[in-house]
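Enquirer: Dropping a structure here in structure tokens format, bear with me for questions.
Derivation of every value follows stated rules applied to the coordinates shown; laboratory data play no part. Just so you know, these numbers come straight off a predicted model, no measurement behind them. Every residue, glycine among them, receives a Cβ derived from its backbone with ideal geometry; neighbour counts consider all protein chains shown.
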């Protein structure tokens, strides 16, 4: 992709204004008639040596207050106020590769709460994939839910 210095200055302005890479990709096509891949836009940003603005952190939502304990004196026990039989503490770590795996838009590693790990990726069609380091390993449901949340946070940071 070859841009004139004037076009590069315009792209720099877009990035300083906080446009995401996908927005820059769209604007390159509409404003300059250039159809480029997302990866080419990433390389362009690197070439222009412009630091991307971090998106605003999501607003924290306070969890609802727990229901008060049921009163034994009343003789009525509300099943929705009963404590859960199982409490799960999940500790899943997701990292993003500095160099994306071939054939992927973005890729990285995940470590689940039991210490098992694997590689993850999002392909060109936006489909996620996960490959465990240990053959046949399947993370538990709580770990997978936490992985999906952590992965979404990382993708938002990258502008996806």
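Enquirer: Set the Förster radius R0 to 41 Å, insert the Cβ-Cβ distance between residue 137 and residue 160 as r into 1/(1 + (r/R0)^6), and round the FRET efficiency to 0.05.
Expert: Step by step, r from the Cβ atoms, then E = 0.95.
Enquirer: How large is the Rg to Rh ratio of region 88-157 when both quantities use alpha carbon positions and Rh follows Kirkwood?
Expert: That ratio equals 0.95.
Enquirer: Using the Cα atoms of region 5-48 to build a convex hull, what is its mean projected area in square nanometres?
Expert: In nm², the orientation-averaged hull projection of region 5-48 is 2.7.
Enquirer: Under a crude label model (7 Å from the Cα following the beta-carbon direction), how far is residue 99 from residue 123 in nanometres?
Expert: That separation, rounded to one decimal, is 2.3 nm.
Enquirer: Run the simple label-point estimate for residue 5 and residue 47 please: 7 Å along Cα→C-beta, distance reported in nm.
Expert: Going from the residue 5 label point to the residue 47 one covers 1.6 nm.
Enquirer: Peptides 132-144, 7-19: what's the order by average Cβ count within 10 Å, highest mean first?
Expert: Taking the mean over residues of other Cβ atoms within 10 Å, the ranking is 7-19, 132-144.
Enquirer: What FRET efficiency comes out for the pair residue 16/residue 37, r = Cβ-Cβ distance, R0 = 22 Å, nearest 0.05?
Expert: Efficiency, from the Cβ-Cβ distance: 0.45.
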